[in-house]
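Participant: Here it is: the structure, laid out below.
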Amino acid sequence: MSKKEYTVGFEIIGTGKAVPPKRVTNDELAKTLDTNDEWIRSHTGIGARHIADDHIACSDLAVEAARNALSWAIERQACAEKTIEELALTVDMVIVGSSTTDYFCCPATACIVQNAIGAKNAGAMDVVNACSSFIYGLETGAGLLSVSNDRRRALVIGAEVLSRFVDWTDRGTCVLFGDGAGAVLLEKTNSPRGISRTILGADGSGAGDLIMKQGGSRYPFKKGDTVVTPPHMEMNGRAVYNFAVGAVTETITTLLKAENLAIEDVALIVPHQANARIVQAAAKRLNVPEGRFFLNIEEYANTSSASIPIALDELNRSGALRTGDLILCVAFGAGLTYGGSLIRW
Ligand SMILES: CC(C)(COP(=O)(O)OP(=O)(O)OC[C@H]1O[C@@H](n2cnc3c(N)ncnc32)[C@H](O)[C@@H]1OP(=O)(O)O)[C@@H](O)C(=O)NCCC(=O)NCCS
């Protein structure tokens, strides 16, 4: 859908984030793993990651991020409501993007969040699509608002506790991931601000390149099974890397072309934070200075579906985003999937 065909906008009126307090540096990992700070930094750009203590689950981070997003909207007087409780009652949909949900099959983590924040009038659902979940969730949120006059606000959250689903003896994967959550409050408005176009895509032929095999209906746990290694992510790093560079490059090119824009029209590109080298390679292909891409991977590592909303919240709160700025968010991940959104701030 092009901008001109929109009769309503979908504006982000609040952002929030939550990361667990425990911060683990590369040097700390190197105490128990055959790795080192130099390798991790030079191959990924990662310097540290935040890791959830055992009592923290996905919904705990999601709830904190959601409350922060609601509170930002109130502080900035982006809504008439004066308290988080009042504003939560006006939310029509709670969407949690995650691949590390509280429970294996059901209930949806969004239901836990909906109850915890008191969004009693909201529907709730999860979008389980790995690192692309937030962009898929954003489009789902905008779509659900657009098809009903009864819905005005959607809370879209990306939240992960990936540290619980990596093999901590596999240096090729465990160093890459971290825990965290980010949230945005989306409102249907008549303003030209907000999401102007989103594209979503997938290439299921790469499903095996980033996969958590155990526990699903393909490889179910059976009575008497002994857990040798807890369920964890397996990855063909090189294949994912190549896919990611192509996905970032093509998503940006396609979005700009569809909106008849040049890269110079975009104030900032907010990519999924998986590996700084992926961003550098994409920037080179696009002939765009690396500085046009926002990176905070050094502090958080790859927080999957949380990485883009965490980045948006940091940018928003630091004042780096000015009203009217055009930003481009681009994600990719297991599936393999990808997606991008052009947003007028
Ligand atoms: C994972 C990734 C960083 C690996 O980088 P790479 O340059 O392809 O490295 P390789 O896997 O070829 O490994 C090169 C060497 O480094 C070693 N190595 C791997 N991880 C290491 C670590 N944490 N510390 C030290 N050495 C490591 C390997 O064992 C290998 O050693 P060898 O040459 O003696 O066999 C890179 O493939 C990547 O970023 N892929 C995309 C991953 C991703 O973003 N996934 C999430 C998508 S949402």
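Participant: Net charge near residue 101: determine it from the other residues with C-beta under 14 Å of the C-beta of residue 101, scoring Lys and Arg +1 and Asp and Glu -1.
Facilitator: Details: positive: 164; negative: 60, 102, 126, 160, 179.
That works out to -4.
Participant: Got a sec? Charge dipole of region 187-345, +1 on Cβ for Lys and Arg, -1 for Asp and Glu; which of 304, 231, 251 is way out at the positive end?
Facilitator: The residue sitting farthest along the positive end of the dipole is 231.
Participant: A further question on this structure: Kirkwood hydrodynamic radius, region 197-344, all distinct C-alpha pairs: what's the number in Å?
Facilitator: 16.6 Å
Participant: Assign unit charges at the C-beta atoms only (+1 for Lys and Arg, -1 for Asp and Glu), then state the dipole size of region 67-195 relative to its Cα centre in Debye, rounded to the nearest 20. The partial results should precede the final answer.
Facilitator: On the way: 11 positive and 14 negative charges, 69 e Å.
Rounded to the nearest 20 debye, it is 340 debye.
Participant: Hey, if you put +1 on the Cβ of every Lys and Arg and -1 on every Asp and Glu Cβ in the chain, which of 186, 334, 33 ends up farthest toward the positive end of that dipole?
Facilitator: 186
Participant: While we're looking at this one, here's another question. With a 1.4 Å probe and all protein chains left in place, how much accessible area per residue does region 210-345 have, in Å²?
Facilitator: With the other protein chains kept in place, region 210-345 gives 45 Å² per residue.
Participant: Expressed as a rounded percentage, what relative contact order does region 197-344 have, with Cα pairs under 8 Å and six or more residues apart? If you can, show how the numbers build up before the last one.
Facilitator: Numbers: 217 pairs, mean separation 54.6, N = 148.
Contact order relative to length: 37 percent.
Participant: Report, as a whole number in µm² per second, the diffusion coefficient that Stokes-Einstein gives for region 12-102 at 4 °C and 1.567 mPa s using the Kirkwood radius over alpha carbon pairs. All intermediate terms of the calculation are to be shown ahead of the outcome.
Facilitator: Numbers: Rh = 15.7 Å.
The estimated diffusion coefficient comes to 82 µm²/s.
Participant: Pick out, from 51, 165, 16, the residue whose Cα sits farthest towards the positive end of the charge dipole of the chain, with +1 on the Cβ of Lys and Arg and -1 on the Cβ of Asp and Glu.
Facilitator: The one lying farthest along the dipole's positive direction is 16.
Participant: So, one more: Of the accessible area of the chain, with the probe set at 1.4 angstrom, what percent is carbon plus sulfur?
Facilitator: Carbon and sulfur: 50 percent of the exposed surface of the chain.
Participant: I would also like to ask the following. Cut-off 10 angstrom, C-alpha nodes, Gaussian network model of the chain. Which of 47, 224, 291 fluctuates the most?
Facilitator: Ranking 47, 224, 291 by mean-square fluctuation puts 224 first.
Participant: Would you mind working out the magnitude of the charge dipole of region 40-130 relative to its Cα centre, with +1 at each Lys and Arg C-beta and -1 at each Asp and Glu C-beta, to the nearest 20 Debye?
Facilitator: 300 debye
Participant: Can you give me the relative contact order of the chain as a percent, contacts being Cα pairs under 8 Å and 6 or more apart? It would help to have the intermediate numbers written out before the result.
Facilitator: Working: 824 pairs, mean separation 86.0, N = 345.
The value is 25 percent.
Participant: So, R0 is 41 Å and r is the distance between the beta-carbons of residue 43 and residue 221; what FRET efficiency does that work out to, to 0.05?
Facilitator: 0.75
Participant: Charges only on Cβ, +1 for Lys and Arg, -1 for Asp and Glu: so what's the dipole of the chain about the Cα centre, in debye to the nearest 20?
Facilitator: 600 debye
Participant: Antiparallel DSSP bridges in region 197-344: what percent, to the nearest 5?
Facilitator: 75 percent
Participant: Here is a follow-up. Among DSSP beta bridges lying fully in the chain, give the percent that are antiparallel, nearest 5.
Facilitator: Counting only bridges with both partners in the chain, antiparallel ones make up about 70 percent.
Participant: For the chain, how big is the tail of P(r) above 27 Å, as a whole percent of Cα pairs? Mind dumping the intermediate values first?
Facilitator: Values: 24723 of 59340 pairs.
Counting pairs separated by more than 27 Å, the tail of P(r) holds 42 percent.
Participant: Which percent, to the nearest 5, of DSSP beta bridges fully inside region 3-191 are antiparallel?
Facilitator: 70 percent
Participant: Still on this structure: With the cut-off at 24 Å, tell me which of the pairs 22/223; 17/188; 22/222 have Cα atoms farther apart than that. Before the final figure, lay out the partial values.
Facilitator: Details: 22/223 35 Å; 17/188 22 Å; 22/222 34 Å.
Pairs exceeding 24 Å: 22/223; 22/222.
Participant: Around residue 331, under 15 Å between beta carbons, what's the net of Lys plus Arg minus Asp minus Glu among the other residues?
Facilitator: -3
Participant: Here's a follow-up. Which shape class, rounded, prolate or oblate, goes with region 21-61 when its Cα gyration tensor gives a ≥ b ≥ c as root eigenvalues, a/c under 1.5 marks rounded, and past that a/b bigger than b/c marks prolate?
Facilitator: Note, shape of region 21-61 comes out prolate.
Participant: Treating only the Cα positions of region 3-191 as identical point scatterers, give the base-10 log of I(q)/I(0) from the Debye formula at each q in 0.11, 0.13, 0.14 Å⁻¹.
Facilitator: -0.52, -0.69, -0.77
Participant: While we're here: Roughly how many Å is it from the Cα centre of region 318-345 to that of region 106-155, as a whole number?
Facilitator: If we compute the Cα centre of each part, the gap is 18 Å.
Participant: Based solely on its DSSP helices, what 222 nm [θ] is calculated for the chain when runs of n ≥ 4 H residues each add -39,500 (n - 2.57) and the sum is averaged over all residues, nearest 500 deg cm²/dmol?
Facilitator: When only DSSP H runs of four or more count, the value is -9500 deg cm²/dmol.
Participant: Please identify the trypsin sites (Lys or Arg not before Pro) of region 49-105 that satisfy two criteria: DSSP loop assignment and at most 10 other Cβ atoms within 10 Å. Which are they?
Facilitator: In loop regions of region 49-105 (DSSP not H, G, I, E or B), the sparsely surrounded trypsin sites (Lys or Arg not before Pro) are 82.
The values are calculated or read from the model by the stated rules, or taken from the named source; none is laboratory data. None of these values were measured; they are calculated from a predicted model. Neighbour counts are summed over all protein chains in view; Cβ atoms, including those assigned to glycine, are modelled from backbone coordinates with ideal geometry. We work out accessible area using only protein heavy atoms, side chains counted, and drop any ligands, DNA or RNA first. Shrake-Rupley method; radii C 1.70, N 1.55, O 1.52, S 1.80 Å.
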